[in-house]
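Undergrad: The following block contains the structure, expressed as structure tokens.
The values are calculated or read from the model by the stated rules, or taken from the named source; none is laboratory data. Note that the structure is predicted; figures quoted are calculated from it, not measured. Cβ placement follows ideal geometry from the backbone for every residue including glycine, while neighbour counts extend to all protein chains displayed.
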Amino acid sequence: MRARIALPCLALALACGGGEEAPAEEESAPSAGDLAEAALPETATPEERAAARLDAEYPKHGAVTGIQLRVHTEPNEEATVVGWLRIGSRVRLADETRRGGGCEGSWHRLHPTGWVCADDGLEVRDEAPEIEAPTDEGWKNDQVEEAAARGALVLPPPAQLEQTMPYDYWYVKESTVPEYHRLPSRNEQRAALAKAARYRDLLEIDERRAQLYLSGERDDGPPGTAVTARYLDRGFYVASNGREVRAFRHFVRTTQGRYIKKAQLEERSGHDFEGVELGGETGRTLPVAWTIRTSRPLILEEREGEDGATSVSWVDDEEAEAIERQTLLEGWQERRNIGGRIMHVIETEAGTRYLRSWFASVAEAVERPEEVAEDEPWIHIDLSEQTLVMYRGDEPIFATLVSTGVEEHETPTGLFEIRRKHVTDTMANIGPDAGDDRYRIEDVPWTQYFEGSIALHTAFWHTRFGLPRSHGCVNMTPHDAHFVFGRTWPELPEGWHGLSTDQTEFRGSHVLVTD
């Protein structure tokens, strides 16, 4: 939005009549939202006022029926993308529509900003539509027809925003697993598996020949079936918003509307480690420390030699149990140089004990950068400690362990801003140069890009938090990534799946990364 600049009358001598008083600006007419609020009783709550304004300014209801829709700043497919919508979501729309701009149908103005082409998959109604999920037996025609007769829609459920994992996630545990456009018949499934088996045989003979066969460019075995969309490598991950059954065979329905035999997958839910909330009712403050390797506390023994010099040695506390990795060290006191070694000092019921420096990580306070606003939620990532602290202005509100980039994939240091924010976003490295580093993780939860392809996000595929593990991104557990995502700028509008701050009216939180 452009700022209005008030110029002095001297600069507008002609328009002002050579010094005469300029005519007063006409007051703009009240908006539909203003009128709706004015009609409410004085006792109306803020929520009721907001609802009345929304109904007046965005009276239409939209249900997203396309897999993913782009929201543009203007009613033109070439305009800047401000956000994304996903199938199953509900949004509010204004009466205002436009034609053209690469959309054969109509562009609709979306709450709170932007335009969506209905042709891409948007059902527009005067009233909020009823939405129901498909049955376990799939998209049966009778269910769709019966729902349509009631004015209802049959759509898969949207991302579960209140859960730490917005979808169900599955690990592909076999090689060359077929992914189908629709639920396959038994014969179609057999044909797809026969092609997969032939591909694996060819792979042992000639990799290029095998790839040409799998892509359909070479006739070198069973033809497979047209219902197969693609074949997935072992180790890939897929996201799911439902399960369906055909002829007693169980399939997982992916968020892309495809199907995979459930027996060829393993469900994954991520690590249950959680960071700690700070301030407020918790009374907890920085610094906060955790073990990052399983270790037994040490006892310090000091001996005075014949020359009067004191020597130190470290002995395992045999009566103490080993402290498991990622344990919160409630009794952590400080780091101390003892005999030339940096040790963590911890207070236990048995007395003062010690841990070697590399067995624990500590989240400590840093000053707010000048570029960060006093009321802004922002994040500090300490690469040397593998910790993340979230602040609101000068107040730390959350601390946890993370995993950042390994050697040759280091996380960049500096002060950044969140550029794109997605409930989920797919990450992959499957190009010809990927080699043994191939991966594809569908719909990674709570993804926030702050520098190119480097992002804060959930990592449900490992448990090494507190140690480097990633290709440059900042990995967090499902709980921690969900917590941070819900408190950074920009805040996602209701019904949206993603939002961009690049060349848009939205502002992203700062991310400070230090060594």
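Undergrad: Here are Ile397, Ile379, Ile441: which of them is within 30 Å of Glu207 (Cβ to Cβ), β-branched (Val, Ile, Thr) and part of a strand (DSSP E or B)?
TA: Result: Ile441 is the single residue among Ile397, Ile379, Ile441 that is within 30 Å of Glu207 (Cβ to Cβ), β-branched (Val, Ile, Thr) and part of a strand (DSSP E or B).
Undergrad: Which of the following residues is within 33 Å of the chain's Cα centre (by Cα), assigned by TED's automatic domain parsing to the domain that holds Gln264 and not in a strand (DSSP E or B): Gly224, Gly235?
TA: Criteria check complete, one pass: Gly235.
Undergrad: Could you say whether any residue in the stretch 254-268 is part of a strand (DSSP E or B) and over 30 Å from Arg186 (Cβ atoms)?
TA: Within the stretch 254-268 (the criterion being part of a strand (DSSP E or B) and over 30 Å from Arg186 (Cβ atoms)), the answer is no, since none of the residues qualifies.
Undergrad: Go through Thr45, Thr97 for me and flag whichever is polar (S, T, N, Q) and either out of contact with any helix residue (DSSP H, G or I) (no Cβ under 9 Å at 6 or more places or on another chain) or closer than 21 Å to Glu491 by Cα (or both).
TA: Checking each option against the conditions leaves just Thr45.
Residues are listed down the side, and each one gets a yes or a no for (1) in a strand (DSSP E or B); (2) under 19 Å from Gly88 (Cα atoms); (3) in contact with a Leu (Cβ under 7 Å, 6 or more places away or on another chain):
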| site | (1), (2), (3) |
| --- | --- |
| Ala147 | no, yes, yes |
| Ala159 | no, yes, no |
| Gln163 | no, yes, no |
| Arg190 | no, no, no |
| Leu193 | no, no, no |
| Ala196 | no, no, no |
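Undergrad: Right, something else. Could you check the stretch 381-405 and list, in sequence order, the residues that are crowded, with 20+ Cβ neighbours inside 10 Å, over 22 Å from His271 (Cα atoms) and out of contact with any Pro (no Cβ under 8 Å at 6 or more places or on another chain)?
TA: Answer for the stretch 381-405, where residues must be crowded, with 20+ Cβ neighbours inside 10 Å, over 22 Å from His271 (Cα atoms) and out of contact with any Pro (no Cβ under 8 Å at 6 or more places or on another chain): just Pro396.
Undergrad: Look through the stretch 61-86, keep the residues that are in contact with a Cys (Cβ under 9 Å, 6 or more places away or on another chain) and part of a strand (DSSP E or B), and return whichever of them is surrounded by the fewest Cβ atoms within 10 Å (Cβ to Cβ).
TA: If we take residues in the stretch 61-86 being in contact with a Cys (Cβ under 9 Å, 6 or more places away or on another chain) and part of a strand (DSSP E or B), then Arg70 is surrounded by the fewest Cβ atoms within 10 Å (Cβ to Cβ).
Undergrad: Do we have Val372 as of a type in the set (A, V, I, L, M, F, W, C), under 34 Å from the mean Cα position of the chain (by Cα) and not assigned by TED's automatic domain parsing to the domain that holds Gln448 here?
TA: The answer is yes for Val372.
Undergrad: Does Glu442 qualify as being closer than 27 Å to Glu274 by Cβ, of a type in the set (D, E, K, R) and without any contact (Cβ under 8 Å) to a residue 24 or more places away in the chain?
TA: Here the answer is no, as Glu442 does not meet what is asked.
Undergrad: Could you list all residues from the stretch 105-145 that are within 13 Å of Ile87 (Cβ to Cβ) and assigned to a helix (DSSP H, G or I)?
TA: Matches in the stretch 105-145: Asp120 only.
Undergrad: So Leu40 ticks every box in (1) touching a Gly at 6+ places or on another chain (Cβ under 6 Å); (2) over 27 Å from Ala239 (Cα atoms) but one. Which box is left unticked?
TA: Just one mismatch for Leu40, condition (1).
Undergrad: Are there any pairs with C-beta distances below 8 angstrom linking a residue in the stretch 93-104 that is assigned to a loop (DSSP other than H, G, I, E, B) to a residue that is loosely packed, with under 15 Cβ neighbours inside 10 Å, with the two at least 6 apart or on different chains, and if so which?
TA: Correct list of pairs: Gly101/Glu74; Gly101/Glu78; Gly102/Glu78.
Undergrad: Moving to a separate point now. In the stretch 40-59, how many residues are assigned to a loop (DSSP other than H, G, I, E, B) and either under 32 Å from the mean Cα position of the chain (by Cα) or not aliphatic (A, V, I, L, M) (or both)? First the steps, then the outcome.
TA: Filtering the stretch 40-59 for residues assigned to a loop (DSSP other than H, G, I, E, B) gives 40-45, 58-59.
Still in the running and either under 32 Å from the mean Cα position of the chain (by Cα) or not aliphatic (A, V, I, L, M) (or both): 41-43, 45, 58-59.
Total satisfying the criteria: 6.
Undergrad: How many residues are over 17 Å from Glu451 (Cβ atoms), touching a Gly at 6+ places or on another chain (Cβ under 6 Å) and of a type in the set (Gly, Ala, Ser) when one looks only at the stretch 397-433?
TA: Adding up the residues that qualify gives 1.
Undergrad: Still on this structure, please answer the following. Just to confirm my filter: which strands (runs of 3 or more DSSP E) fall fully inside the stretch 301-354 and include at least 3 residues that are modelled with pLDDT under 95?
TA: Passing ranges, in order: 310-316.
Undergrad: To continue, here is another question. State which residue is nearest to Pro112 (Cα to Cα) when the search covers only the stretch 30-50 and only residues that are in contact (Cβ under 8 Å) with a residue 24 or more places away in the chain and surrounded by 14 or more Cβ atoms within 10 Å (Cβ to Cβ).
TA: For the stretch 30-50, the residue satisfying everything is Gly33.
Undergrad: Here's another thing I want to ask about it. Run Asp433 past the list (1) modelled with pLDDT under 95; (2) under 18 Å from the mean Cα position of the chain (by Cα) and report the number of the one that doesn't hold.
TA: (2)
Undergrad: Right, something else. Here's a check for you: in the stretch 269-286, which residue that is part of a loop (DSSP other than H, G, I, E, B) and of a type outside the set (Gly, Ala, Ser) is nearest to Lys173 (Cα to Cα)?
TA: His271
Undergrad: Go through the stretch 287-300 residue by residue and tally those that are aliphatic (A, V, I, L, M) and assigned to a loop (DSSP other than H, G, I, E, B).
TA: 1
Undergrad: Can you pull out every residue in the stretch 51-62 that is among the acidic types (Asp, Glu) and touching a residue at least 60 places away in the same chain (Cβ under 8 Å)?
TA: Across the stretch 51-62, there are no qualifying residues.
Undergrad: Give the number of residues within the stretch 221-267 that are aliphatic (A, V, I, L, M) and at pLDDT below 95.
TA: As a first pass, look at the stretch 221-267 and keep what is aliphatic (A, V, I, L, M): 226-227, 229, 232, 238-239, 245, 247, 252, 260, 263, 265.
This time we only want the ones that are at pLDDT below 95, so: 245, 247.
Here the count works out to 2.
Undergrad: State all residues of the stretch 489-505 that are farther than 18 Å from Glu374 by Cα and part of a loop (DSSP other than H, G, I, E, B); if no residue qualifies, say none.
TA: Leu492, Pro493, Glu494, Gly495, Trp496, His497, Thr501, Asp502, Gln503, Thr504, Glu505
Undergrad: Here's something else I'd like to know. Would you pick out the residues in the stretch 142-157 that are under 22 Å from Glu266 (Cα atoms) and either surrounded by 18 or more Cβ atoms within 10 Å (Cβ to Cβ) or without any contact (Cβ under 8 Å) to a residue 40 or more places away in the chain (or both)?
TA: Within the stretch 142-157, just Pro156 meets the criteria.
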